[in-house]
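Single-structure report; data block below.
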């Protein structure tokens, strides 16, 4: 995303595609798309 910077140490583990992560410790709170739709978006490099 233009203009967005992720600071050093902000991400210490893998995050699934299109996941919304929050909390401390961080957890996936929801997904933007179903797993099937996320896989389709990754295949078309959207």
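The values are calculated or read from the model by the stated rules, or taken from the named source; none is laboratory data. Bear in mind that the values here come from a model prediction, so they are computed numbers and not experimental data. In this analysis, Cβ positions are derived from the backbone assuming ideal geometry, glycine residues included, and neighbour counts consider all displayed protein chains.
Taking the criterion of being surrounded by 12 or more Cβ atoms within 10 Å (Cβ to Cβ) and not in a helix (DSSP H, G or I), the residues of region 21-46 that qualify are 21, 26, 28, 31, 33. Against the conditions (1) under 11 Å from the mean Cα position of the chain (by Cα); (2) at pLDDT below 95, residue 10 satisfies every one except (1). Taking residues in region 12-30 that are free of Cβ contacts under 8 Å to residues at least 40 places away in the same chain and at positive phi, and partners anywhere that are surrounded by 10 or more Cβ atoms within 10 Å (Cβ to Cβ) and in a loop (DSSP other than H, G, I, E, B), the pairs with Cβ atoms closer than 8 Å and at least 6 places apart or on different chains are 18/32; 18/33. Checking the stated criteria, residue 3 turns out not to satisfy the condition of being on the phi > 0 side of the Ramachandran plot and touching a strand residue (DSSP E or B) at 6+ places or on another chain (Cβ under 8 Å).
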